1. Restricting to region 51-87, and then to whatever is within 15 Å of the ligand (Cβ to nearest atom) and more than 26 Å from residue 265 (Cα to Cα), can you tell me which residue is surrounded by the fewest Cβ atoms within 10 Å (Cβ to Cβ)?
2. If I filter region 38-50 for residues that are under 26 Å from residue 105 (Cα atoms), surrounded by fewer than 19 Cβ atoms within 10 Å (Cβ to Cβ) and within 16 Å of the ligand (Cβ to nearest atom), do I get at least one hit?
3. Can you go through 264, 235 and tell me which one is over 12 Å from the mean Cα position of the chain (by Cα) and in contact (Cβ under 8 Å) with a residue 40 or more places away in the chain?
4. So the check is Cβ under 8 Å with 6+ separation or different chains; which pairs have a first residue in region 239-259 that's farther than 20 Å from residue 203 by Cα and a second one that's more than 16 Å from the ligand (Cβ to nearest atom) and assigned to a helix (DSSP H, G or I)?
5. State the number of residues belonging to region 189-200 that are farther than 22 Å from residue 240 by Cβ and either more than 15 Å from the ligand (Cβ to nearest atom) or in contact (Cβ under 8 Å) with a residue 60 or more places away in the chain (or both).
6. Only one of (1) closer than 26 Å to residue 149 by Cβ; (2) touching a strand residue (DSSP E or B) at 6+ places or on another chain (Cβ under 9 Å); (3) in a helix (DSSP H, G or I) is not met by residue 128, so which one is it?
7. Going through region 143-172 one residue at a time, which ones are exposed (fewer than 15 other Cβ atoms within 10 Å of the Cβ), modelled with pLDDT of 95 or more and either closer than 20 Å to residue 260 by Cα or out of contact with any strand residue (DSSP E or B) (no Cβ under 9 Å at 6 or more places or on another chain) (or both)?
8. Among the residues of region 242-262, count how many are in a helix (DSSP H, G or I) and either more than 19 Å from residue 157 (Cβ to Cβ) or more than 14 Å from the ligand (Cβ to nearest atom) (or both).
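The values are calculated or read from the model by the stated rules, or taken from the named source; none is laboratory data. Nothing here was measured: the structure is a model prediction, and the numbers come from that model. When we count neighbours, we look across all protein chains shown, and the Cβ atoms used for this are built from the backbone with ideal geometry, even at glycine.
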Ligand code: X90
């Protein structure tokens with residue numbers, strides 16, 4: 001039996017082993033960037049920086065999901081928040097269509113109500129459960145349970161693209177549109193962007209961030225961090241967490257296209273587990 005984990009490209013991972021990635025697309029003027037392994041992040045980010053006109057993003061088509069579902073008997077599908085993107089919906093429509101053609105195929109859909117590293121936490125768990133030979137039903141139930149104790153926190157230096165594309169209200173964006181300020185926010189339980197505080201300076205942002213993680217029950221669990229072309233901030237978060245929880249499992253890596261576009265230069269996303 002063939003089992004596959006399938007996620008949209010907002011998780012920031014590349015396809016590997018039993019993980020397949022379905023890309024979103026980013027439109028910059030008349031150029032279309034597909035958020036797959038061929039995307040050159042430096043070129044993409046520089047094109048964005050030079051561009052003054054309109055930009056937008058588009059969720060994966062039903063067909064691209066279906067092409068992945070065709071590959072396996074059991075599919076575990078991890079998507080970004082359905083509240084801010086049509087990605088989950090297109091994955092769901094594809095699943096219904098695919099199951100009409102293949103009634104024996106099993107497809108579990110997880111709407112993470114989040115994105116980036118929080119998706120990664122779930123993806124890694126599913127991969128672990130697959131190696132442990134849990135059944136489809138067990139993985140489906142355990143994944144839903146696990147999402148109750150994963151969280152996403154982020155720091156952003158600009159809300160321009162989120163606001164221009166209607167993913168945060170303009171009024172929120174204008175309140176945070178200050179030079180040298182960072183906004184710290186979380187993925188709300190409803191899968192929207194919830195601003196928490198704004199602050200000046202990386203050091204201050206770091207202590208706010210760790211303080212918030214603790215208040216949400218962080219106690220040395222797994223942490224995954226994606227950053228937009230600024231590994232030093234992610235490294236600082238890692239060092240700070242390790243100074244308190246020396247065995248914490250922490251990894252950081254660069255955002256792919258979609259999250260680079262929305263989190264913008266200097267942005268960082270932190271996914272973490274609270275205590276079981
Ligand atoms: O076109 C589309 O369907 C994609 C729309 C995506 C919109 C949101 C992307 C957010 C990326 C920004 C900070 C973290 C947000 C937390 C979400 C709950 C990253």
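1. Going through the qualifying residues, I end up with 61.
2. There is no residue in region 38-50 that is under 26 Å from residue 105 (Cα atoms), surrounded by fewer than 19 Cβ atoms within 10 Å (Cβ to Cβ) and within 16 Å of the ligand (Cβ to nearest atom).
3. That would be 264, the only listed residue that is over 12 Å from the mean Cα position of the chain (by Cα) and in contact (Cβ under 8 Å) with a residue 40 or more places away in the chain.
4. 248/241; 248/242; 254/231
5. Result for region 189-200: 5.
6. Exception for residue 128: condition (2).
7. Of everything in region 143-172, those that are exposed (fewer than 15 other Cβ atoms within 10 Å of the Cβ), modelled with pLDDT of 95 or more and either closer than 20 Å to residue 260 by Cα or out of contact with any strand residue (DSSP E or B) (no Cβ under 9 Å at 6 or more places or on another chain) (or both) turn out to be 145, 148.
8. 3
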